[in-house]
Structures are given as C-alpha cells and as structure tokens.
Amino acid sequence: MSIPAFGLGTFRLKGQQVIDSVTMGLELGYRHIDTAQIYENEAEVGQAIAESPVPREELFVTTKIWTSNLGADRLLPSLEESLNKLRLERVDLTLVHWPSPNDELPVADYLSRMMEAKARGLTRAIGISNFTVAHMQQAIDAIGAENIATNQVEVHPFLQNRKVIDFARQHGIHITAYMPLAYGKVMQDDTLKRIGQAHNASPAQVALAWLLQQGFAAIPSSTKRENLAANLAAQQLRLTDEEMQQIATLDRNERLANPGFAPEWD
C-alpha cells in the first residue's frame, strides 16, 4: 500500500479551525489527512470528512496512538475510540506516535498489538513515528520491515535527520516528513528564497519539492486557502541536482519537536 506523497497535517489546529482547514483541503484536492489522538481534533476532522462530497475510498486517513494508550488494555480500545470520533469503520494508517517514554514498554509489545489492530480490520496499515535507529531496529526485529508502512519524523531543510533516513532507506522503510516548513522558518531563508525566485516559487514550495524529490511524503498544515493551494502546487516543481545540493547544506540539526519524553535522538 502506498502512502499519498502529499498530505494535510492538522497538528495544533482545533475546533472550527481544523474543520475549515480539512474542508478547504479536500475542496482543493488533498486526499491524505493526518491527525492523532493527542491533537484532540479527531472528531472535527471526522466531521469535515463526513460533510465532504469526496468518497471515502478516495481518502487516506492517518491517526496516531498516544503514549498513554500503548499498554495492553488501552491500544485497541483507544483506536476504536478514534474511529468513533473520525466516523470511520477503519483508518488507512495507524502510527505509534512516539516510542514508549523511557522504553517503559518494549517496542515488540505494543507493535504486536498494532498488528492485531490491522488483523481486526481497524486499520489498513501500521507504522511508527519519532522512532530512532535503535527503535526502528527493534520494530524490524518485532514485526518485520515489510509491516512498517512509514516512519513519520521531523524533516525540513534545517533538520535533515540523515542517520534515521539512511537506516530507513537501507531497510526499505518509507519516510513521512512532518513540520516540513519548520513552522514557517523556511520563508526567511535566503538560499530557499533564491532558488524559489529561479522557479517563480515560494521558499515553502521549494522546501516541499525538496522533500518530495527525495521520495518522502510531506504533510504541511495551513489554515489559509491560498497557502493550502500553493503547498499542493509544490508537487509540480522540479529542482535541479545543484539546487538539491544547496539545500542539503542548510542542515543545522534544528529540532522543533522535542518534548521531555522524546527518545535520545540520533
């Protein structure tokens, strides 16, 4: 099963804001919608999907299991609650949002429950998010790389996450890039501005094209119709090898998502 290369992120969007963003996104042609239990917006995302004329079979919906729901008694019931909120019989992809804090629960333990969720038809595919090289190795040992649809990690020009990406590539694990625009910081970068000018494109479109050209999925978010449309148009932009190399030099290990319970990063 392939993950649509371009999706709509919903992190930090709440209430009417997320309903409007998803509604506009679907109108503009987005078909991959990404949410999570901890975003507390699954019900609103579900409402926007339910009220859209886009048929369910054209959509690819992702949610993520929060850390407090990884235990034996919570994982499957929490996913059923998510489906209820999303008004869906199943999601297309369910991710483990973060490895269990301090590795309290073994990776094999909760991934076996994820496999059970898939076997029960609650989700078409399963994957991981914010997994380090060590966690990915444990995941592969537990369920095999072929059962890991993606590792969703922070990737943008200022955090290129090369060790994780190289390891994932070696094992055939797809990468989904979250925070691809670094909270808008890409708009201020001179290199991205210069490359954008050469293509009559914005720095944001350049950053997204750079990700897509590497074979990653990207899930930017926006609440403005014109930005949603512009992000989508980045799929048509082709960068030269030289431009790709120029962007490669922007890496400064600038991690934006780094909560206190995060694993020890590579």
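Observations
A quick yes/no check of all residues on (1) outside any helix (DSSP H, G or I); (2) modelled with pLDDT of 95 or more; (3) open to solvent by 10 Å² or more (accessible area, probe 1.4 Å):
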{"residue": "Phe11", "(1), (2), (3)": "yes, yes, yes"}
{"residue": "Asp20", "(1), (2), (3)": "no, yes, yes"}
{"residue": "Glu27", "(1), (2), (3)": "no, yes, yes"}
{"residue": "Tyr30", "(1), (2), (3)": "yes, yes, no"}
{"residue": "Ala43", "(1), (2), (3)": "no, yes, yes"}
{"residue": "Ala48", "(1), (2), (3)": "no, yes, no"}
{"residue": "Val61", "(1), (2), (3)": "yes, yes, no"}
{"residue": "Asp73", "(1), (2), (3)": "yes, yes, yes"}
{"residue": "Pro77", "(1), (2), (3)": "no, yes, yes"}
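- Number of the condition not met by Ile173 [criteria: (1) closer than 30 Å to Gln16 by Cα; (2) part of a loop (DSSP other than H, G, I, E, B)]: (1)
- Residue check for Ala5: among the small types (Gly, Ala, Ser), touching a helix residue (DSSP H, G or I) at 6+ places or on another chain (Cβ under 9 Å), touching a residue at least 12 places away in the same chain (Cβ under 8 Å) and closer than 23 Å to Trp66 by Cα: no
- Residue selection: Phe131 satisfies the criterion of being of a type in the set (A, V, I, L, M, F, W, C), farther than 25 Å from Thr23 by Cα, modelled with pLDDT of 95 or more and not in a helix (DSSP H, G or I).
- Residue list for region 135-149, filter: surrounded by fewer than 23 Cβ atoms within 10 Å (Cβ to Cβ) and in contact (Cβ under 8 Å) with a residue 40 or more places away in the chain: His135
- Helices (runs of 4 or more DSSP H) wholly inside region 183-253 containing at least 1 residues that are under 27 Å from Thr63 (Cβ atoms) and of a type in the set (A, V, I, L, M): 203-213, 225-233
- Cβ-Cβ contacts under 9 Å between residues 6 or more apart (or on different chains), taken from a first residue in region 46-57 that is without any contact (Cβ under 8 Å) to a residue 24 or more places away in the chain to a second residue that is surrounded by 13 or more Cβ atoms within 10 Å (Cβ to Cβ), are listed as Pro53/Leu26.
- Qualifying residue in region 208-225 (condition: on the phi > 0 side of the Ramachandran plot and either modelled with pLDDT of 95 or more or surrounded by 15 or more Cβ atoms within 10 Å (Cβ to Cβ) (or both)): yes
- Here the condition is being open to solvent by less than 20 Å² (accessible area, probe 1.4 Å) and either of a type in the set (Asp, Glu) or under 30 Å from Glu80 (Cα atoms) (or both); of Pro180, Pro157, it holds for Pro180 alone.
- Scope region 179-228; condition among the β-branched types (Val, Ile, Thr) and closer than 21 Å to Gln245 by Cβ; matching residues: Val186, Thr191, Ile195, Val206
- Among the residues of region 109-128, those identified as at negative phi, open to solvent by less than 60 Å² (accessible area, probe 1.4 Å) and not in a helix (DSSP H, G or I) are Leu122, Thr123, Ala125, Ile126, Gly127, Ile128.
- Lone unmet requirement of (1) within 19 Å of the chain's Cα centre (by Cα); (2) free of Cβ contacts under 8 Å to residues at least 24 places away in the same chain for Phe60: (2)
The values are calculated or read from the model by the stated rules, or taken from the named source; none is laboratory data. The shown structure was predicted, so the numbers you read here are calculated from the model rather than taken from an experiment. We place every Cβ from the backbone using ideal geometry, glycine too, and count neighbours over all the protein chains shown. The accessibility values were calculated without ligands, DNA or RNA, using every heavy atom of the protein model including side chains. Shrake-Rupley method; radii C 1.70, N 1.55, O 1.52, S 1.80 Å.
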